[in-house]
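*Asks:* There's a structure below that I have some questions on.
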Amino acid sequence: MSYTIKSFDEYQQAYQESIQNPEGFWANIAEQFTWQQKWDKVLDWNFEEPNVKWFINGKLNITENCLDRHLKTRGNKLALIWEPNDPKERYVRYTYRELHEKVCMIANVLRNNGVKKGDRVCIYMPMIPELAFSVLACARIGAVHSVIFAGFSATSMADRINDAQATVVLTSDGLNRGTKQIPVKRVVDEAIATCPSVQKVIVVERTGWAVNMEEGRDVWLHEELQKVDKDCTAEIMDAEDPLFILYTSGSTGKPKGVVHTCGGYMVYSDYTFRNVFQYQESDVYWCTADIGWITGHTYLLYGPLLTGATTLMFEGIPTFPDAGRFWQVVDKHGVNIFYTAPTAIRSLMAAGLDHVLSYSLDSLKVLGSVGEPINEEAWHWYHIHVGKERCPVVDTWWQTETGGIMISALAHVSPLKPSHAGYPLPGIQPILVDQSGEEIKENEVEGYLCMKFPWPGMIRTTYGDHERCRLSYFAAYKGLYFTGDGAKRDKNGMYRIIGRVDDVINVSGHRFGTAEIENAINQNKHVVESAVVGYPHEIKGQGIYAFVICNHDDPGNEQYLRDEIIESVVAEIGKIAKPDKIQIVNGLPKTRSGKIMRRILRKVAEGETSNLGDTSTLLDPNVVDEIIAGAL
Ligand code: 6R9
């Protein structure tokens, strides 16, 4: 059996097989990999505890599958192309053989610095090749990586390091993104001042800026590399050993550490990558996501490398030096498959067509979208002006928790419908349920999106708190994994994802809990109470609207208070969570039992105040009039 699907008929066959005999289906796929020891049993599961195990007692190392396995046939093939922030700086390319060596050497540096199998290593780095090497180096020696997006603040980083009890941090001196310069090492220093578990900090020299190096704790990577050799035996891992932790926001205050394991994640990331993008041996593939997010983990690194692909990594931003940068990079490296987020498409769309029309884009064959719903206008613009109507746009729906793509067209294989993710991948059994958790079986319906059967790439636990995993995903509807998303199913069974139905806001494809942002705002000394909601935003998908009650005896004017509030959010979470609108109010619409009626605030934020629905349970209806009058 070939595990690359080539036609819609084959897709339907594979889908049927995956439902009728899931264990046989996934075992067949898993056979394609290098295992140190075969599994005894394919699957054990229940969604009550939850307990999900794939490839039980299988032993492997994912980097042997990403790297060593390819050396014979693809040793000289390009594995990684790195394009720097500044187009005047030279790009760097690594073959599979070179990548293998880099990873092994950093793995040895980690071992020399005391890292052992099972230890947690935090990686806080810009999009430089060492970030990719470091992630794989952890996997090589069985350390659990926890990558933290380099846009998060010191406080956020510290929370994540402390939650995972990481012992080592890998970072860089600084970073350049667009015209911005960020003193990365300084942020790390600030964070680990409150992280007693951290013993070593390994620093990559990227910018050459002067940084503080603490004796006995901080070491330079380039100096450590002098001390190690080029080979590193891969640690043998159990299929269910954790591979990484990645923190993501939910509806409650604190981000949770989503845990993925070695075997299932490997099988799922490879299978979904090759099928969704229909990767061909000589293709150059580019995913624009940062490795700090799940898309970067699965579809910049692991999926492509497992498949033996050439993957491109970009340090910069879409609008530097101008809004043609993406297209310039596509032409420069002959990119065939391009995967990005709707927010990027919308911002480039707003910058005007000239930037696209100056490039040929002839190499492109497949376009992908991820992170949030793609509106029809953006879908068509992408399809017509970037893909010249010859490239399918695969709208891939999935989550940090799902590990890989769940619902999507397969490029050049499945039918396309703008703004629709389409059909589930083989092995994926989505259902829609109503409020009471009853399955809605018909088509042309809308409901809460759940999964009724496990898949290899799914979340196993939330780090250090299994009960939280159960409550977040498996408690809402008995026996089901609940995604937190609402979806529609059309008459042909194609899915359209509508968006989050919980208190999660999706800003430019990044998830934030409303409670998380409120906590950050409430840290400010002028603030008494706050409520945060999302509202439609032309470029970002959703914007952040904060309603804030401030201390009355404060002399400050409103602009001063807004600046203060923004500063608190930047310090607590990072610039990426800055509220777009802050309305200072005297009261919040609360019910008699003290609950904030967010429904009303959402309407105000959307500018739809003509019909607020039932407001009879409000403690003080006057509050609402005042909020409407002051709406931004
Ligand atoms: C991969 C990723 C997950 C949430 C998810 C949903 C939204 C992602 C989407 C999409 C509509 C798509 N989402 N892809 N909505 N269409 N193609 O983004 O993971 O950061 O965990 O976000 O993003 O709401 O629940 P993550």
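The values are calculated or read from the model by the stated rules, or taken from the named source; none is laboratory data. Treat the numbers as computed from the prediction; the structure is a model and nothing was measured. Cβ sites come from the backbone with ideal geometry, for glycine too, and all protein chains shown count toward neighbours. Side chains are part of the model used for accessible areas, which takes the heavy atoms of the whole protein and leaves out ligands, DNA and RNA. Shrake-Rupley method; radii C 1.70, N 1.55, O 1.52, S 1.80 Å.
*Asks:* Could you let me know the centre-to-centre spacing of segment 198-261 and segment 562-632, using Cα atoms, in angstrom?
*Replies:* 40
*Asks:* Given contacts defined as C-alpha pairs under 8 Å and at least six residues apart, what's the relative contact order of the chain, whole-number percent? Intermediate values should be presented prior to the final figure.
*Replies:* Numbers: 1387 pairs, mean separation 78.6, N = 632.
Relative contact order, the chain: 12 percent.
*Asks:* Magnitude of the Cβ-charge dipole of segment 144-298, K/R +1 and D/E -1, about the Cα centre, nearest 20 debye?
*Replies:* Working: 13 positive and 21 negative charges, 126 e Å.
The dipole magnitude comes to about 600 debye.
*Asks:* If you don't mind, there's one more thing I want to ask. What size of dipole, in debye to the nearest 20, comes out for the chain about its Cα centre when the only charges are +1 on Lys and Arg C-beta atoms and -1 on Asp and Glu C-beta atoms?
*Replies:* On the way: 64 positive and 80 negative charges, 205 e Å.
For the chain, the charge dipole is close to 980 debye.
*Asks:* While we're here: Could you give each residue of segment 166-182 its phi-based ³J(HN,Hα) in whole Hz, using Karplus coefficients 6.51, -1.76, 1.60 with θ = phi - 60°, and x for Gly or Pro?
*Replies:* Once θ is set to phi - 60°, the couplings for segment 166-182 become 5, 9, 10, 10, 9, 8, 10, 5, x, 8, 10, 9, x, 9, 8, 10, 10 Hz.
*Asks:* Once fully extended, how much extra length lies between Lys41 and Lys180, figured as 0.36 nm per residue of separation less the alpha-carbon to alpha-carbon distance? Working shown, then result.
*Replies:* Working: separation 139, 0.36 × 139 = 50.04 nm, distance 5.12 nm.
44.9 nm is the gain from fully extending Lys41 to Lys180.
*Asks:* Something else now. If the limit is 22 Å between Cα atoms, which of Lys478/Lys595; Lys365/Lys417; Lys525/Lys581; Lys185/Lys332; Lys525/Lys578 go over it?
*Replies:* Check vs 22 Å cut-off fails for Lys478/Lys595; Lys185/Lys332.
*Asks:* Probe radius 1.4 Å, ligands and nucleic acids ignored: give me the carbon and sulfur share of the accessible area of segment 132-194 as a rounded percent.
*Replies:* Numbers: 800 of 1680 Å².
In segment 132-194, the share of accessible area belonging to carbon and sulfur is 48 percent.
*Asks:* Another question, if that's okay. Within segment 507-607, what whole-number % of the accessible surface is contributed by carbon and sulfur, with the 1.4 Å probe and all protein chains included in the calculation?
*Replies:* Details: 2030 of 4410 Å².
Whole-percent figure for carbon plus sulfur exposure: 46.
*Asks:* Report, to the nearest whole %, how much of the accessible area of segment 245-403 belongs to carbon and sulfur atoms, 1.4 Å probe, protein only. Don't skip to the answer; put the middle values down first.
*Replies:* Values: 2010 of 3800 Å².
Carbon with sulfur: 53 percent of the solvent-accessible area.
*Asks:* Another question about this same structure. Any chance you could get the radius of gyration and Dmax over the Cα atoms of segment 432-517, in Å?
*Replies:* Here Rg and the maximum Cα pair distance are 14.0, 43 Å.
*Asks:* Could you give each residue of segment 129-144 its phi-based ³J(HN,Hα) in whole Hz, using Karplus coefficients 6.51, -1.76, 1.60 with θ = phi - 60°, and x for Gly or Pro?
*Replies:* These are the phi-based 3J(HN,Hα) values: x, 4, 5, 4, 4, 5, 4, 5, 5, 4, 4, 4, 9, x, 7, 8 Hz.
*Asks:* OK, next. Hey, what do the phi angles of segment 36-49 turn into as Karplus ³J(HN,Hα) couplings, whole Hz, using 6.51/-1.76/1.60 and θ = phi - 60°, x for Gly and Pro?
*Replies:* 6, 8, 5, 6, 8, 8, 6, 8, 9, 7, 8, 8, 7, 5
*Asks:* Please label the shape of segment 508-629 as rounded, prolate or oblate, based on the square roots a ≥ b ≥ c of the eigenvalues of the alpha-carbon gyration tensor (a/c under 1.5 means rounded; beyond that, a/b larger than b/c means prolate, else oblate). Show your work: numbers first, answer last.
*Replies:* Numbers: a/c = 1.79, a/b = 1.21, b/c = 1.48.
Oblate, because a/c is 1.5 or more while a/b does not exceed b/c.
*Asks:* Separate question: At what distance in nm do the modelled label points of Asn443 and Asp490 sit from each other, each positioned 7 Å from its Cα along Cα→Cβ?
*Replies:* About 1.0 nm, to one decimal.
*Asks:* Put +1 on the Cβ of each Lys and Arg and -1 on the Cβ of each Asp and Glu in segment 1-136; which of Leu71, Val109, Ile123 then has its Cα farthest toward the positive end of the dipole?
*Replies:* The Cα lying farthest towards the positive end belongs to Val109.
*Asks:* Do you know the relative contact order of segment 54-179, to the nearest whole percent, from alpha carbon pairs under 8 angstrom that are 6+ apart? It would help to have the intermediate numbers written out before the result.
*Replies:* On the way: 162 pairs, mean separation 31.8, N = 126.
Value for segment 54-179: 25 percent.
*Asks:* Based on the Cβ-Cβ distance of His552 and Thr609, what FRET efficiency does E = 1/(1 + (r/R0)^6) give at R0 = 45 Å, to the nearest 0.05? Write down the numbers at each step before the final one.
*Replies:* Numbers: r = 26 Å, r/R0 = 0.57.
In this case the efficiency is close to 0.95.
*Asks:* Just the number please: accessible area per residue for the chain, 1.4 Å probe, all protein chains included, in Å². Display every interim value, and only then the final one.
*Replies:* On the way: 23900 Å² over 632 residues.
Here the residues of the chain average 38 Å² of exposed surface.
*Asks:* Rounded if a/c is under 1.5, else prolate if a/b is larger than b/c, else oblate: which is the chain, with a ≥ b ≥ c the root eigenvalues of its Cα gyration tensor? Could you put the intermediate results ahead of the total?
*Replies:* On the way: a/c = 1.44, a/b = 1.20, b/c = 1.20.
Note, shape of the chain comes out rounded.
*Asks:* Also, I was wondering about something else. Under 5 Å between amide hydrogens, which residues at least 5 positions from Tyr423 or on another chain qualify, with H placed 1.01 Å from N in the peptide plane?
*Replies:* HN-HN under 5 Å from Tyr423: Ser408, Ala409, Tyr495.
*Asks:* Label Asp322 and Thr4 with points 7 Å out from Cα along Cα→Cβ: what is the distance between them in nm?
*Replies:* Distance between label points: 3.8 nm.
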